[in-house]
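Just so it is clear, none of the values below were taken in a lab; they were calculated from the coordinates. This is a predicted model, so every value here is computed, not measured. All Cβ positions, even for glycine, are placed from backbone atoms using ideal geometry, and neighbour counts span all protein chains on display.
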Amino acid sequence: MSLSVTVIPVTPFQQNCTLLVCEATRRAALVDPGGEPDVLMAALTRAGVTLERVLLTHGHVDHIGAVPALRRRFPVPVEGPHREDAFWIEAVADQARHFGLEDSEPFEPDRWLVHGDTVQVGEETLQVLHCPGHTPGHVVFFHEPGRLALVGDVLFRGSVGRTDFPRGNHGDLIASIRERLLPLGDDVTFIPGHGPRSTFGDERITNPFIGPHP
Ligand SMILES: [Zn+2]
Ligand SMILES: [Zn+2]
């Protein structure tokens, strides 16, 4: 595996912004830069990497809040989430006010993602899985060679994403987990949007929200 991973929790929600670095090229992506842009820029400098793109799992403010500030500093493309989350991004300023977070502003991603797309970090390729339920346009990034998934707020260790927001759907969420995530393999480690990492195998057996699964 030549993709290195550093988790940088940001915002009062301790959202797991993740720095992905292609070791061969030292090119990097930030996944879900939800806030604290100065902290994220310092992490890039400290790592000595070149930011190549920003990847977004979904449109909630704690996952996208620092995008405008990063974009002013680095003219890199923003990829994701799925277009179904456009309404969340348009409402980002209201979301920030509602939760008492730093100001943010709406933006248009350079590329909306769909199921089956791939995204690039240097020479490394990640698969895009559309996993609606927490939000309708939520996507997951899967690095097959590294057996690593970045699942945003779809799945957590011992829990699953909230579905009580506008256009959330619990049935869709469980279907996303069962039909799109668990089949990737028990050995896959995932980094959730909040809290500690786990594996799909551990969750398949112990997560009370997923239910029995063959
Ligand atoms: Zn969320
Ligand atoms: Zn979140």
- Being within 16 Å of ligand 2 (Cβ to nearest atom) and under 14 Å from GLN120 (Cα atoms) narrows VAL21, VAL31 down to just VAL31
- If you go through the stretch 148-167 one residue at a time, do you hit one that is away from ligand 2 (no atom under 16 Å from the Cβ) and over 18 Å from ASN16 (Cβ atoms)? no
- Item | the stretch 15-29, residues that are among the polar types (S, T, N, Q) and either within 16 Å of ligand 1 (Cβ to nearest atom) or part of a strand (DSSP E or B) (or both) | GLN15, ASN16, THR18
- Query: Do you know which residues across the stretch 185-214 are over 26 Å from GLN95 (Cβ atoms), aliphatic (A, V, I, L, M) and out of contact with any Phe, Trp or Tyr (no Cβ under 6 Å at 6 or more places or on another chain)?
  - Reply: ILE205, ILE210
- Considering ASP94, ASP38, ASP62, which residue is over 19 Å from GLN127 (Cα atoms), in contact with a Ser or Thr (Cβ under 8 Å, 6 or more places away or on another chain) and either within 15 Å of ligand 1 (Cβ to nearest atom) or in a helix (DSSP H, G or I) (or both)? ASP62
- Task: Determine if the stretch 182-196 includes at least one residue that is more than 28 Å from ALA86 (Cα to Cα), touching a helix residue (DSSP H, G or I) at 6+ places or on another chain (Cβ under 6 Å) and loosely packed, with under 15 Cβ neighbours inside 10 Å.
- Result: yes
- Message: Checking the condition touching a residue at least 24 places away in the same chain (Cβ under 8 Å), part of a strand (DSSP E or B) and touching a strand residue (DSSP E or B) at 6+ places or on another chain (Cβ under 8 Å), which residue from ILE191, ILE210, ILE174 passes?
- Response: ILE191
- Single unsatisfied condition, LEU51 versus (1) crowded, with 16+ Cβ neighbours inside 10 Å; (2) in contact (Cβ under 8 Å) with a residue 40 or more places away in the chain; (3) not aromatic (Phe, Trp, Tyr): (2)
- Of all residues in the stretch 50-75, which are within 15 Å of ligand 2 (Cβ to nearest atom) and among the polar types (S, T, N, Q)? THR57
- Message: Looking at the stretch 85-106 only, could you name the residues that are surrounded by 18 or more Cβ atoms within 10 Å (Cβ to Cβ) and farther than 18 Å from ASP38 by Cα?
- Response: ASP85, TRP88, ILE89, VAL92, GLN95
